[in-house]
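The values are calculated or read from the model by the stated rules, or taken from the named source; none is laboratory data. Small disclaimer: the values here were computed from a predicted structure and weren't measured. Here the Cβ is made from the backbone with ideal geometry for all residues, glycine too, and neighbour counts use every protein chain on show. Surface areas here come from the heavy atoms of the whole protein model, side chains and all, with no ligands, DNA or RNA. Shrake-Rupley method; radii C 1.70, N 1.55, O 1.52, S 1.80 Å.
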Amino acid sequence: MTRTAAVPPPLAVRPERSGASGLLLAVILVGQFLAILNVNIVNVATPTIEADLRSSGAGLQMIVAGYTIVYAVLLITGARLGDLFGYRNAFLAGLGLFTLTTLGAGLAPSTGWLVGFRLAQGAGAALMMPQVLTLIQHNYQGAARGRALGLWSAVVSGGIVVGQALGGILLGLGAGWRIVFLVLVPIGALLLVAGLRVLPADRGGARRTGLDPGGLVTLAAAVLLFVVPLVLGRELGWPLWGWASMALSVPMFAAFVRIERWVTARGGRPLVDAAVLRAPGMRPGLAVLLLGPATWGAFLFTSALHLQGELRLSPLASGMMLVPCALAFAVVGLAWPRLPARLQRSLVPYGYVVATPAYVGLGLAAGGGLPYAVMSALIGAGLGVQIAVTNLATAQVSEAHAADASGALLTVMQLGQVIGVATVGTLFISLQGQGATAAMTAALACAALAVLAGVSSLFLVRRRA
């Protein structure tokens, strides 16, 4: 007798769950906020870390980049662990590891210890972060889910800007670099206590067992081969090993695909189920969520260098200059779910229509001041439609595959930011010292990425329609 597996209903048609509370959403979003904040707050502290610990250039690079590398490599694995052991358990375990290693980083006696704790922080974040999007998918539906995703998007953008501004404030108080880590520890501890009380108990994807070690190893190796040279290549002058590493990532990704097909053919549970990619809107959504974050990451990186370098603003003043951008991003993300469904779809490509000329205007307003702030706000408003992209991409993903979708989306978004920083950032740095040329060139490159994201979004909108 042939046994047919039951197909779970798509998330979009399930009734909204009354047990989902605002406190639950607050706990998981603050946890995400801490993980994102931790990336940017450290950037401001690197000069004082170098002076205090006598760090080498390579050591400083790993202090800053080690967190991002481990986080990017382990995101999909973190999503699967949540699927196996429960999303509540995985979130709390990731938060606990993140909090303990943040304390260790704040007390680190040497560069080596600090690098080690930063790597462990990245592992904690990779275990915690995928559960945020998965818990939203499981516990909020309809209008409530749209509002939750809007807040999720606001936290993503806000953590980046707040990290730069808060780092400047804390260092301005004269408390030393350790405070940028230690200030996060009590918040993490309070979240653990609150999470134990409010996060709903679950068994994860109990029907979907297995960790797929072959897929895990090949995917981690592929991402590592691709991300490490992109993160470190600019500082090291793009050595030959970096190009060789990126080239090797291609056959490693191909090997991962073949292993996943083999596991599926044998009736096993692949690390990334092909059913996720077959869901309507998922593939064009992944393309947009690669290109959109690429232009966003490139913009934030080059803006910080321009404002603090060419315009000689302090880290705090530089962060405050980007506040209009973050606020506009958040406002669009929060307002989007309140629009009629027809307008929600059409909003996506129009967002990139707004962002593209705004990037060009940013290059023309390279002198700073009000024009710069206005252009950055328009960029934030345009890119704020990325929350709509996330919702459209996951609307038809089944509940059983929510963890796979979360891991895939977050990994692609992280890779997009790394690619944007590596490409446009390198272009900007190579032109520094040539006046407004560097800022204008970076702005045009970001505009080109925005155009590609907008074109990709047309396929997403047409597929959903």
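Some values worked out for this structure:
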{"quantity": "Leading residue by the ranking (surrounded by the most Cβ atoms within 10 Å (Cβ to Cβ)) among those in region 432-455 that are closer than 16 Å to VAL288 by Cα and touching a Gly at 6+ places or on another chain (Cβ under 9 Å)", "calculated": "ALA453"}
{"quantity": "Qualifying position, being assigned to a loop (DSSP other than H, G, I, E, B) and either open to solvent by less than 10 Å² (accessible area, probe 1.4 Å) or hydroxyl-bearing (Ser, Thr, Tyr) (or both), among LEU271, LEU289", "calculated": "LEU271"}
{"quantity": "Of residues in region 327-369 being within 29 Å of GLN434 (Cβ to Cβ) and aliphatic (A, V, I, L, M), the one surrounded by the fewest Cβ atoms within 10 Å (Cβ to Cβ)", "calculated": "LEU364"}
{"quantity": "From the options LEU107, LEU60, LEU95, LEU127, residue that is touching a residue at least 60 places away in the same chain (Cβ under 8 Å) and in contact with a helix residue (DSSP H, G or I) (Cβ under 6 Å, 6 or more places away or on another chain)", "calculated": "LEU95"}
{"quantity": "Selected residue [farther than 27 Å from PRO130 by Cα, in contact (Cβ under 8 Å) with a residue 12 or more places away in the chain, in a helix (DSSP H, G or I) and of a type outside the set (A, V, I, L, M)] from THR411, THR426, THR390", "calculated": "THR426"}
{"quantity": "Yes/no for ALA90 being more than 22 Å from ALA408 (Cβ to Cβ), in contact with a Leu (Cβ under 7 Å, 6 or more places away or on another chain), of a type in the set (A, V, I, L, M, F, W, C) and open to solvent by less than 20 Å² (accessible area, probe 1.4 Å)", "calculated": "no"}
{"quantity": "When residues of region 247-262 are limited to those that are open to solvent by less than 30 Å² (accessible area, probe 1.4 Å) and within 24 Å of the chain's Cα centre (by Cα), the one nearest to ILE76 (Cα to Cα)", "calculated": "PHE256"}
{"quantity": "Output for region 231-255, where each listed residue is modelled with pLDDT under 85 and either of a type in the set (Val, Ile, Thr) or assigned to a helix (DSSP H, G or I) (or both)", "calculated": "VAL231, LEU232, GLY233, ARG234, GLU235, LEU236"}
{"quantity": "Matching option when the condition is over 21 Å from SER457 (Cβ atoms), under 24 Å from the mean Cα position of the chain (by Cα) and open to solvent by 50 Å² or more (accessible area, probe 1.4 Å), among MET320, MET375", "calculated": "MET320"}
{"quantity": "Residues of region 39-52 satisfying the condition of being at pLDDT below 85 and either surrounded by fewer than 20 Cβ atoms within 10 Å (Cβ to Cβ) or of a type in the set (Val, Ile, Thr) (or both)", "calculated": "VAL39, ILE41, VAL42, ASN43, VAL44, THR46, PRO47, THR48, GLU50, ALA51"}
